[in-house]
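Reading through the structure tokens given below for one structure.
FYI, it's all coordinate maths here, none of it is from the lab. Predicted, not measured: the structure shown is a model, and the values here were computed from it. A quick note on method: Cβ atoms are made from the backbone with ideal geometry, for glycine too, and the neighbour counts reach across all protein chains shown.
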Amino acid sequence: MFNKKKKFSGLRKEYDDMLMDQVDLAKSDWDDARASERAMTESNYDGRMIQARTALARQKFFYFYREARRRNIRGHIQQSVITTD
């Protein structure tokens, strides 16, 4: 009852870890979508659906990334994570 601060700090760490997992997952999805888009572009395929998938994956990544920065999470996010081609 009197240790509410300790309880909430544990929850915060747990949710921060979950957020970092989402950042990693979104980054890998974005990388996969970019690779698919490049492969489809090379084969002269009208890839509007692929481009939409890439744009969605990019926006998801940046949403999670901004949330992690807003929460001031210190972790394994490196500056090299954001590489735009």
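Some values worked out for this structure:
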| quantity | calculated |
| --- | --- |
| Region 9-73 shape via C-alpha gyration tensor axes, a/c threshold 1.5 | prolate |
| Gap separating the Cα centres of region 8-25 and region 49-69, nearest whole Å | 18 |
| Proxy reagent accessibility, fewest Cβ within 10 Å first, across 41, 54 | 41, 54 |
